[in-house]
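The values are calculated or read from the model by the stated rules, or taken from the named source; none is laboratory data. Please read all numbers here as calculations on a predicted model, not as lab measurements. Here the Cβ is made from the backbone with ideal geometry for all residues, glycine too, and neighbour counts use every protein chain on show. In case anyone asks, the SASA skips ligands and DNA or RNA and just uses the protein heavy atoms, side chains included. Shrake-Rupley method; radii C 1.70, N 1.55, O 1.52, S 1.80 Å.
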Amino acid sequence: MARHRAVMDLGRDEWMAALGIAEADIPHAVILEGSWWREQRTAWRLSRLEDVRELAFPDMFLGYRRGRPVVYSCVYGAPRAVEPAHLFGLLGTPRMVMIGTCGALHAGLSTGDVVVPSVAVAREGVARLYAASGTVDADPGLTGLGRRRLMERNIRAADSLHLSWVSIFAQSGAMVAEWRDRGYGSVDMEAATLYAVARYFGFAATALLVVWDQLDQDRSFLDPLAEAQQARLDAANEAVFDVALSIGLDAGPRERAR
């Protein structure tokens, strides 16, 4: 019986041609950032790279750090985050890091802390497509290294039983209370997606998520911050990209963090 290939079920060479990259440009690391503020974040992050160009697919930028190729993409939500994770996982990128912000669900986390979750609970609707319907693990070596590098920069790094949820708008006070009761310490929209795709393709992944919303205190990103809180938030948002670059490029081009 003939095999019917799905429209997007392409091979590695086909995807490379579609993206417009050569073998030498396969990134050593991919950094994804879950953020609404795409224009601002993209300009900020790309200023840290050299010889940047946008690939044939929009919002996927290839640049170089000390001569090594890196891809940065600002993504928002699991359906968007899965695309570069899948593509570059298939192409053989060994390390990926999700950066961005998250909400704290318990009083032990404060604005400007960075959650580096060892595990994420997938409730964002996409991870199940990669055979992950519950808890998915980060790469332990990459995760530990990320925490150490943050602390070297005087940024408080914490672990947390982390939840990835579908939308910040599709949540209520009752949901937040239930999540706290279940022991979840933090919530975002993309980390579990990356962890699930990493397990599927076999690359190393972690997440560096800056605490912004303090949901345990009924405070969201719409509420103003005190000057000291804003300073901590800004410092952490700057640090996570530099640390993601550092841990993403520490190994050789095809080495694993394990």
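Within segment 97-128, count every residue that is surrounded by fewer than 21 Cβ atoms within 10 Å (Cβ to Cβ) and in contact with a Cys (Cβ under 9 Å, 6 or more places away or on another chain).
Quick first cut of segment 97-128, residues surrounded by fewer than 21 Cβ atoms within 10 Å (Cβ to Cβ) only: 106-108, 110, 118-119, 123, 125, 128.
Still in the running and in contact with a Cys (Cβ under 9 Å, 6 or more places away or on another chain): none.
Qualifying residue count for the region: 0.
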Need pairs with beta-carbon distance below 6 Å; first residue in contact (Cβ under 8 Å) with a residue 12 or more places away in the chain and at negative phi and within segment 236-247, second of a type in the set (D, E, K, R) and open to solvent by less than 10 Å² (accessible area, probe 1.4 Å); sequence gap 6+ or separate chains.
Phe241/Arg45
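If only one of Asp223, Asp216 is assigned to a helix (DSSP H, G or I), open to solvent by 10 Å² or more (accessible area, probe 1.4 Å) and within 14 Å of Thr111 (Cα to Cα), which one is it? Spell out how you get there, then give the answer.
Working: Asp223 fails: assigned to a helix (DSSP H, G or I).
Answer to the check: Asp216.
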Can you find even one residue in segment 4-15 that is surrounded by 13 or more Cβ atoms within 10 Å (Cβ to Cβ), over 14 Å from the mean Cα position of the chain (by Cα) and not in a helix (DSSP H, G or I)?
yes
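Filter segment 139-154 down to residues that are part of a loop (DSSP other than H, G, I, E, B) and open to solvent by 10 Å² or more (accessible area, probe 1.4 Å), then give me how many there are. Spell out how you get there, then give the answer.
First, pick out the residues of segment 139-154 that are part of a loop (DSSP other than H, G, I, E, B): 139, 153-154.
When the remaining residues are screened for being open to solvent by 10 Å² or more (accessible area, probe 1.4 Å), the result is 153-154.
Here the count works out to 2.
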Out of segment 189-213, which residues are open to solvent by less than 10 Å² (accessible area, probe 1.4 Å) and closer than 11 Å to Asp113 by Cα?
Leu208, Leu209, Val210, Val211
Report every pair of residues separated by at least 6 positions or lying on different chains whose Cβ atoms are under 9 Å apart, first residue within segment 112-138 and assigned to a helix (DSSP H, G or I), second surrounded by fewer than 23 Cβ atoms within 10 Å (Cβ to Cβ) and of a type in the set (Lys, Arg).
Tyr130/Arg199
If a residue has to be in contact (Cβ under 8 Å) with a residue 24 or more places away in the chain and of a type in the set (Lys, Arg) to count, how many in segment 171-195 make the cut?
1
Close pairs from segment 142-160: first farther than 21 Å from Val187 by Cβ and touching a residue at least 24 places away in the same chain (Cβ under 8 Å), partner outside any loop (DSSP other than H, G, I, E, B) and among the hydroxyl-bearing types (Ser, Thr, Tyr), Cβ under 7 Å, at least 6 apart:
Leu142/Thr206; Arg149/Ser246
Being open to solvent by 20 Å² or more (accessible area, probe 1.4 Å) and over 18 Å from the mean Cα position of the chain (by Cα) is the requirement here; does Arg38 meet it?
no
Could you grab me the full set of residues in segment 155-185 that are at pLDDT below 95, in contact with a helix residue (DSSP H, G or I) (Cβ under 6 Å, 6 or more places away or on another chain) and not in a helix (DSSP H, G or I)?
none
